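Below is one structure; the comments refer to it alone.
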Amino acid sequence: MSNDISKEILSSLKKFRDKQATTENAIKTFIKPGDRIFIDSGCSEPLDLTKKLIELGPVLPDVEIIHFLSLSDLDYYETAGGIEDLFRHNAFFIGKSLRKYIKTGFADYTPMLLSEIPRIFQSGQMHLDTALIQVNPPDKYGYCSFGINVDIVKSIAEAADKVIAEINPKMPRTLGDSFIHMDDIDTFVSVNHDIIEYSYGDSDEKAKKIAKFVASLIEDESTIQMGIGQIPNAVTKELVEKKNLGVHSEVFSDGIVDLVEKGVVTCKKKTIHKDKIICSFVMGSKKLYNFVDDNPMCEFHPSDYTNDPYIISKNNKQVAINAALTVDLTGQVNSDSLGHRFYSGIGGQVDFIRGAGRAKDGKPIMVLPSTATLEDGTVISRIVPHLDEGSGVVVTRGDVHYVITEWGIAYLYGKSIRERILEMINIAHPDFREDLLNHAKKWNLVYADQTLPKSIDGRISQYPEKYETSFKLKNGKTIKIRPVKPTDERILQELYYSLDKEDRYLRFFYPVRDFRHKKTQSQIIIDYSTNMILVGEYFENGEQKIIATGGFFKTISPSTAEIAFIVHENWRGNGISKYLLNYLVIIARELNYKFFSGSILLENKSMLHIINTSGYRITSKHIEGGVFEFVMDITK
């Protein structure tokens, strides 16, 4: 990408010199009072034309300006002498320069799915007089590339009555469905200014933790989309160990370039557009712009193609990662407003959530920090009992699948309201969990006696994520080993009900007939600082199952904990109980336990064998009434 106009480009421009104009003449000739005009989006904003339009504002009253996303620092009102009603702005996505004017009522916001914006211009529903665009210089055939923004601008330029272009040699020449011919440009100005650069800033600790959770869901050979925001882009740093990722996204930034250079993003396993990164615009640094310049790996398409949920769904393992402002307990996602105050926009979020949701093995993911800090220093929860009055539901309850905060992953798809509430409380900040639960109880959405894990001092007992691990079985399958969660009630009941009468007798010492909520809650609501229950989790045909449990529980002796185990009969003989025992020993030592105790029926020969061959010294044993009671030294 050369900063100077080459001889070939100069020769090409000569053919169209009758279309060249000064910025002032271009604006005065093709824009008149009351016109509706579109200004190119994001980092492609035609700065010289826009500045001149603002300067000439007093002689062009009542011009309506259409934006998709404005990222420049230009202030239309201050530059125009503070005349607030000189221009009327209408934004499809609210950038920082317009946010305060929308808040005060001097600009408009039109909520639309990004995939559908081109249609209202192409159909004539929103007539457009003039489009101000920025393109790279024409090639020898007269074609100019829209560069780093194709999104809605290509469709709008095709629908507008007139097109005014800045031709800038610093604009990258991008490939794909990304060109306009000079015959379709009514006038142009030659410019040589830098392209706007955009930075998401450094990721904070919350963003990094959320990114790790997101990365844990992304499989090798997945195709990824990342929306606008610090968290989605922090994810790229957590993907360096993945293999053969693809990209189909409305936008991407510098992080994807790094993954291409590391050989992580290859696009070789994509189901459609194999070997190609598909996008409609980019936002980032010069490094990113140099990467996409004339790069056959990158194809730019209008947003009605890239964001078409049907097209998106053709990508196997499509992962969509988008940011939310707040999410309520039932899974309603607000991403565009703070109460009645509009803040950003819908953008492509819904398109990709729905496209990924329809894709084979697709994963739609919403991300947000669990809290926000107000201007006065007050910390509030972003997991809320209900959305604030005026807040928009961008992603519905029916569309949401995964919600992730720095406290974990909530999977809501196909879950009941009660199950969703427990999932969402589980990823809320601990300081707000009790209040969220009380709201749910007040509305009769959970059991009246529903509790949360609490420690001895009454505080919320935080889920010990550090104990999550995996175990490869003798049969070659791998299961996830993790601490039990309050959301496990139903699948734990399913394990219990799968036990036959003999198994129930061996585990509970009598043939338990039911495992109702009142009985099961004590097995999922535990104080992790004194007790531990580990579960073996396995997904079978997409269905989550608990196939084993092992735990220890405090006793009247502060140094001794009692242990118990269950393994589904189809999974026995794979070393699960032995693994759980050894892992529980490690955790118990951290909690200052020195001994495990237990009671085993003499008929339970497999469990007796595990204890007697465990390698830990049995310090006490006693047989009475057909029950073997023991104490085991776990200090070494």
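For the reader, a short list of remarks on this structure follows.
- The lysines whose alpha-carbon is closer than 20 Å to the alpha-carbon of residue 286, local same-chain residues fewer than 8 away aside, are 170, 237, 262.
- Look at 591, 473, 113 and count the other Cβ atoms within 10 Å of each Cβ; fewest to most, that gives 591, 473, 113.
- Gyration tensor (alpha-carbon) shape descriptor, segment 411-472, a/c threshold 1.5: oblate
- Per-residue Cβ neighbour rank within 10 angstrom, fewest leading, 407, 443: 443, 407
- Most positive-pole-ward Cα, 218, 524, 425, against dipole of the chain from beta carbon charges: 524
- Applying the criteria of a DSSP loop state and at most 16 other Cβ atoms within 10 Å to the GluC sites (Glu not before Pro) of segment 455-556 yields 468.
- Loop trypsin sites (Lys or Arg not before Pro), segment 292-349, which have at most 15 other Cβ atoms in a 10 Å radius of their Cβ (DSSP): none
- Farthest positive-ward along segment 46-138 dipole, Cα basis, beta-carbon charges - from 114, 50, 87: 114
- Label-reachable residues, segment 559-585, where backbone N falls under 20 Å from a point 7 Å from residue 629's Cα toward its Cβ: 559-565
- Exposure proxy order (Cβ contacts within 10 Å, fewest to most) of 226, 126, 297: 297, 126, 226
- Computed over all pairs of different Cα atoms, the Kirkwood value for the hydrodynamic radius of segment 410-542 is 16.4 Å.
- Reachable lysines from residue 28, criterion Cα separation under 18 angstrom, eight or more residues apart if same chain: 19, 51, 52, 162
- Global form of segment 205-442, assessed from the alpha-carbon gyration tensor, a/c cut-off 1.5: prolate
- Segment 7-190 - share of DSSP beta bridges that are antiparallel (%, nearest 5): 10 percent
- Check: the chain dipole with +1 on Lys, Arg Cβ and -1 on Asp, Glu Cβ, in debye: 2740 debye
- Rounded if a/c under 1.5, otherwise prolate or oblate - segment 7-190, Cα gyration tensor axes: prolate
- Residues whose amide H lies under 5 Å from that of residue 319, counting only those 5 or more places away or on a different chain, are 223, 224, 225, 363; hydrogens are built 1.01 Å from N in the peptide plane.
None of the figures in this text is laboratory data; all of them are computed from the coordinates on show. Predicted model, so just to flag it, every value in this text is computed and none were measured. Because the Cβ atoms are built from the backbone with ideal geometry, glycine has one as well, and the counts that use them run over all protein chains shown.
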